[in-house]
Amino acid sequence: MRALTFDQKLSFQSHWDDPAEIEGDTLIRVTQAGICSTDLEIARGYMGFTGVLGHEFVGRVLASPQKELIGQRVVGEINIVCGRCDLCLSGLSSHCRNRSVLGIDKHPGAFADLVRLPAANLHLLPDEVDDDQAVFVEPLAAAFQVLKQIQLDDRKWVTVLGAGRLGLLVAQVLRNSGCPVRVVGTQARKLALCEKWSIRSRLLSDIVPRHDQDVVVDCTGKASGFETAMAMVRPRGTIVLKSTVAGDKALNLAPLVVDEINVIGSRCGPFRQAISALAQKSVDVISLMSRRMKLEQGVQAMQLAARPDVLKIILTCD
Ligand SMILES: [Zn+2]
Ligand SMILES: [Zn+2]
């Protein structure tokens, strides 16, 4: 099969081995897949992963022990879990001690013609959600996770820091929950999307952090973003850290202690909620599509996705 792989460097492979069968799993032909910041981190060598990249995908089931799945259009949850460890048994299976993660940790990913996942990871797509919207299910689910982790009400001052691929999804999800959210970013063109959605936004260079926000959701993926979040949040407020920060910058964490800040890490979220939000068109993801490129152009696509003015690049596998 064709695949976009990383092993010290990013390469397009025209003849890569099909993913090995794991007993009872499902084989999916990938239709298209989205590039996210985690993929870019992996391609910089930060995550120690080698093999086929990619975890945001839509495809059709080719083979499965669950015959009713064959031919269905699906998206897939990315954590492959054991179901037997203490965390799985206590309902925290996304933190399974024996997990592998699609295209991120010990499991070949979806920037390829074929991908394998347990049937339990798959979600069928309703006709209302087309293939372009479907590649956003995984990151949109991650955005919904914020609502599961913090209590928001209409009195809260909430800032989403970072107007990138993830921040713009988080902002829409929080706004839809009735929360008066504001987005702070560095790219005027991305902030213009907020205006289209009637979400308040400001350029980072135009604001002075005043330790007055109840909640800051940091979607910058940068150590400097976390520093800004610490300067924005009020004493006893909450920072939700939504993107993994890879870097060697030493962070001064004293403000967390002095201001008694709650820091909540936030990763994968509920697929069902994301699919129904897309089906109801309550979240606009199509405006986040910057470009569609072929899997063969994967190396250039990853370079393009790293540019600050670019949002979602979709790789097509036809
Ligand atoms: Zn992702
Ligand atoms: Zn487990």
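Numbers for the structure displayed
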| quantity | calculated |
| --- | --- |
| Using a Förster distance of 51 Å, the FRET efficiency for Ser11-Arg210 (Cβ separation, nearest 0.05) | 0.60 |
| Positive minus negative residues near Ser94 (Lys, Arg vs Asp, Glu; Cβ under 10 Å) | +1 |
| Gln303-Ala250 pseudo-label distance in nm [points 7 Å out on the Cα-to-Cβ vector] | 3.6 nm |
| Sorted largest first, extent of segment 140-265 alpha carbons per principal axis (Å) | 38, 28, 28 |
| Peptides 81-91, 52-62 ordered by average Cβ neighbours within 10 Å, highest first | 52-62, 81-91 |
| Interchain or long-range residues, amide H under 5 Å from Gly237's placed H | Asn262 |
| Over 26 Å [Cα-Cα, segment 55-205], rounded percent | 40 percent |
| Under Karplus coefficients 6.51, -1.76 and 1.60, residue-wise ³J(HN,Hα) of segment 79-96 in Hz, glycine/proline x | 8, 9, 10, 8, x, 10, 6, 4, 6, 4, 5, 9, x, 10, 5, 5, 10, 2 |
| Sequence-distant lysines (8 or more away, or on other chains) whose Cα lies within less than 18 Å of Lys106 | Lys9 |
| Overall Cα dimensions of the chain - principal axes, largest extent first, Å | 55, 42, 41 |
| Whole-Å distance, taken between Cα centres, linking segment 1-77 and segment 269-318 | 15 Å |
| Ranked packing of 177-187, 24-34, 107-117, most packed first, by mean Cβ within 10 Å | 107-117, 24-34, 177-187 |
| Length-normalised contact order for segment 195-318 - Cα pairs under 8 Å, 6+ apart - percent | 17 percent |
| Relative contact order (percent, whole number), the chain, Cα cutoff 8 Å, 6+ residue spacing | 19 percent |
| Net charge of neighbours whose Cβ lies under 14 Å from the Cβ of Trp16, counting Lys and Arg as +1 and Asp and Glu as -1 | -3 |
| Added length on full extension, which subtracts the Cα-Cα distance from 0.36 nm per residue, Ala223 to Asn176 | 14.1 nm |
| Positive minus negative residues near Pro139 (Lys, Arg vs Asp, Glu; Cβ under 13 Å) | 0 |
| Which listed pairs, of Lys156/Lys196; Lys190/Lys249; Lys67/Lys312; Lys249/Lys294; Lys196/Lys242; Lys196/Lys249, have C-alpha distances above 30 Å, in listed order | Lys67/Lys312; Lys249/Lys294; Lys196/Lys249 |
| Computed over segment 140-265: relative contact order in percent, which uses C-alpha pairs under 8 Å that are six or more apart | 21 percent |
| Computed label-point distance, nm, for sites Asp130 and Gln149 using a 7 Å Cα→Cβ extension | 3.3 nm |
| Percent of Cα-Cα distances greater than 17 Å, calculated over segment 14-78 | 52 percent |
| Karplus 3J(HN,Hα) series, Hz, for segment 61-67 with 6.51 cos²θ - 1.76 cosθ + 1.60 (x for Gly, Pro) | 6, 8, 8, 7, x, 8, 4 |
| Under the Karplus curve 6.51 cos²θ - 1.76 cosθ + 1.60, θ = phi - 60°, whole-Hz ³J(HN,Hα) for segment 306-315, x wherever Gly or Pro sits | 7, 6, x, 8, 10, 9, 7, 9, 10, 9 |
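None of the figures in this text is laboratory data; all of them are computed from the coordinates on show. These numbers were taken from a predicted model, which means no experiment stands behind them. Here the Cβ is made from the backbone with ideal geometry for all residues, glycine too, and neighbour counts use every protein chain on show.
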